[in-house]
Amino acid sequence: MTHEALSPDLEAVVARATTAAPHLATTTATQRARALVAIADALETASPDLVHIALRETGLTQARLTGEVTRTAVQLRLFADTIVDGGYLDARIDPADPDFALGQRPDIRRTHIPLGPVINFSASNFPFAFSVMGGDSAAILAAGCPLIVKAHSSHPDLSDATAEVATRALTQAGMPEGTFQLIHGREAGVQVLQDPRIKAGSFTGSIRVGRILADIAANRPAPIPFFGELGSVNPVFITADAITERADEIATGYLASVAGSAGQLCTKPGFAFIPAGSALPQAITHNATDVPEHRLLDPRIAKSYDERRTAVLGTAGANPLIPGGIRFDDDGQGWATPTIIAISLDDFRTGRDTLLEESFGPLSILVETPTGTDLAALMPEFYEGNLSGTLHISEAEATGETDNAPQLRALIAALANQVGRVLFNGWSTGVAVTPAQQHGGPWPATTNDSSTSVGTAAITRFQRPVAYQNAPQALLPEALQDTNPLGIPQHISPAGQSHHWGTRWH
């Protein structure tokens with residue numbers, strides 16, 4: 001792949017980011033933390049105006065959007081605390097050891113440094129939390145990398161308004177010029193991704209577009225890391241005992257998870273495997289309330305959802321428990337109500353080519369499995385990778401002492417092999433922003449299964465490790481100095497330890 005010259009405007013953007021990179025890399029964690037908190041404060045102050053724009057451009061509810069601003073501010077502050085703590089640097093120190101088992105060991109010290117300029121392609125379905133100043137952007141800035149955001153075309157005015165708030169906050173916090181910039185247009189984003197000065201990319205969106213961008217990043221003369229969150233159907237498994245114990249509770253939780261934000265969530269439960277003949281379908285129809293129709297994000301998404309819903313409903317054996325629907329207004333915007341479909345496992349297998357594709361909207365499928373079905377075997381049969389997998393079990397099954405405990409353990413292992421997050425007795429929508437969170441999974445859930453896009457571990461995507469051997473103390477990064485001026489966690493190997501490696505296993 002050859003690199004084409006950028007337009008003057010894009011060249012100026014990339015040049016500013018490149019110039020900013022070494023200066024941003026030398027800022028202290030405290031300086032960057034204050035900048036992140038400044039953005040969080042500014043977003044909350046501007047929230048009424050930003051939400052007003054988002055209501056017009058996305059069709060999401062005011063409560064959802066206001067909550068999303070809060071989530072965005074919270075994760076910015078969480079990342080601020082994380083970088084000041086310093087554990088994310090993974091500082092490792094192996095002092096010189098003349099008694100090392102393989103001969104004299106030199107002094108070796110390892111930490112992480114920022115990658116350099118990064119481009120982030122923002123999402124349509126989270127106009128705050130995965131957009132201009134969302135989780136990926138927060139992680140990039142926290143890591144000490146200049147950030148270029150490609151705005152999503154479905155909310156351009158909101159992107160510009162958010163960028164103005166963030167730019168002002170970063171400037172007031174003393175961050176270098178070029179720390180953050182916003183661009184518009186798919187072609188502009190591709191051109192920036194191809195530029196050799198860009199050191200990584202991130203993306204939240206469709207499998208098709210994500211694969212195109214990932215291939216561009218991989219096929220550059222100098223390939224770069226690309227962290228894409230793409231598609232997921234998030235299977236759910238519900239046991240007979242769980243249904244007997246709390247069918248109504250499971251039904252209402254399932255309906256709420258499918259209907260929330262019109263099903264336009266990467267974590268929406270697309271499939272639920274239930275015992276054939278159980279009471280859950282009846283509980284679902286009994287607990288279904290009149291959910292007001294919800295506008296889909298844009299006409300393109302609405303058209304795609306309408307086509308998917310028609311294909312699913314036309315599959316042999318598909319029984320619409322809740323038919324739902326979609327209508328289009330004069331502007332081409334789609335308005336949907338939830339659709340829940342039941343189908344036998346045999347018909348599901350027959351129609352798999354149609355059914356397994358993600359339905360980005362308020363549609364979910366109940367797959368009724370015969371008694372004795374090997375549930376663990378269904379994961380590799382039907383799915384590649386997913387963001388999450390959920391298991392609903394009874395109180396007795398939770399003890400691990402029921403007759404089906406071996407089958408449950410096998411199912412849990414199968415889920416763990418193919419998802420990033422295994423949930424018990426909950427719903428995959430509503431991803432907690434916490435240090436231990438894992439929001440990723442094998443392809444096609446993400447392009448890189450070793451990372452997460454939610455939680456503090458997200459920062460390490462935009463750093464790379466460097467080891468320093470026999471470096472003078474005065475020339476070491478502060479994170480690796482014996483005096484530990486940053487006061488961060490350091491893993492220090494004791495001398496002579498190598499002679500005892502493995503002895504406990506004799």
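The values are calculated or read from the model by the stated rules, or taken from the named source; none is laboratory data. Please read all numbers here as calculations on a predicted model, not as lab measurements. Neighbour counts run over all protein chains shown; Cβ positions are idealised from the backbone, glycine included. Ligands, DNA and RNA are excluded from the accessible area calculation, which covers all protein heavy atoms including side chains. Shrake-Rupley method; radii C 1.70, N 1.55, O 1.52, S 1.80 Å.
For this structure, a couple of remarks:
- Solvent-accessible area of region 359-506 (1.4 angstrom probe, protein heavy atoms only): carbon and sulfur portion equals 54 percent.
- Taking 0.36 nm per residue of sequence separation and removing the Cα-Cα distance, the residue 506/residue 319 pair yields an extension gain of 61.3 nm.
- In the chain, the longest principal axis of the Cα atoms and the axis of helix 156-172 are about 30 degrees apart.
- Straight-line reach from residue 199: taking Cα to Cα under 29 Å and skipping same-chain neighbours fewer than 8 places apart, the lysines in range are 150.
- Ordering 400, 234, 20 by the projection of their Cα atoms onto the charge dipole of the chain, which places +1 on the Cβ of Lys and Arg and -1 on the Cβ of Asp and Glu, puts 20 at the extreme positive end.
- Size-normalised alpha-carbon gyration radius of the chain, reference 2.2 N^0.38 Å: 1.06
- D (Stokes-Einstein, µm²/s), Kirkwood Cα radius, region 345-392, 0.692 mPa s at 37 °C: 267
- The 3J(HN,Hα) values that the Karplus relation (6.51, -1.76, 1.60; θ = phi - 60°) gives for region 6-12 are, in residue order, 7, 5, x, 5, 5, 4, 5 Hz. Gly and Pro appear as x.
- Å² per residue, accessible surface of the chain at 1.4 Å: 43
- Backbone N under 11 Å from the residue 476 label point (7 Å along Cα→Cβ), restricted to region 82-103: 92-96
- Degrees, to the nearest 10: 405-418 long Cα axis against longest axis of the chain: 60
- Residues whose placed amide H lies under 5 Å from that of residue 426, excluding near-sequence neighbours: 391
- Semi-axis lengths (Å, descending) of the ellipsoid that matches the C-alpha gyration tensor of region 1-129: 39, 23, 14
- Rounded to whole Hz, the Karplus (6.51, -1.76, 1.60) HN-Hα couplings of region 358-372, x for glycine and proline: 4, 9, 7, x, x, 10, 8, 10, 8, 9, 8, 9, x, 4, x
- Residues whose placed amide H lies under 5 Å from that of residue 97, excluding near-sequence neighbours: 105
- Charge tally for residue 464 (other residues, Cβ to Cβ under 13 Å; Lys, Arg +1; Asp, Glu -1): +2.
- Nearest 10 degrees, 0 to 90: helix 299-313 Cα axis against the chain principal axis: 50
- Fully extended contour minus Cα-Cα distance, from residue 498 to residue 371, at 0.36 nm per residue: 40.3 nm
- Region 148-221: C-alpha gyration tensor shape, a/c 1.5 cut-off, then a/b vs b/c: oblate
- Built amide H within the under 5 Å cut-off of residue 180, gap 5+: 147
- Derived scalar couplings ³J(HN,Hα) [region 455-465; Karplus, 6.51 cos²θ - 1.76 cosθ + 1.60; whole Hz; x for Gly, Pro]: x, 5, 5, 4, 5, 5, 4, 10, 9, 9, x
- Spatially proximal aspartates and glutamates relative to residue 303 (Cα-Cα < 15 Å; intrachain offsets below 8 disregarded): 329, 330, 331, 358
- Of the solvent-accessible surface of region 88-205, computed with a 1.4 Å probe and all protein chains present, 50% belongs to carbon and sulfur.
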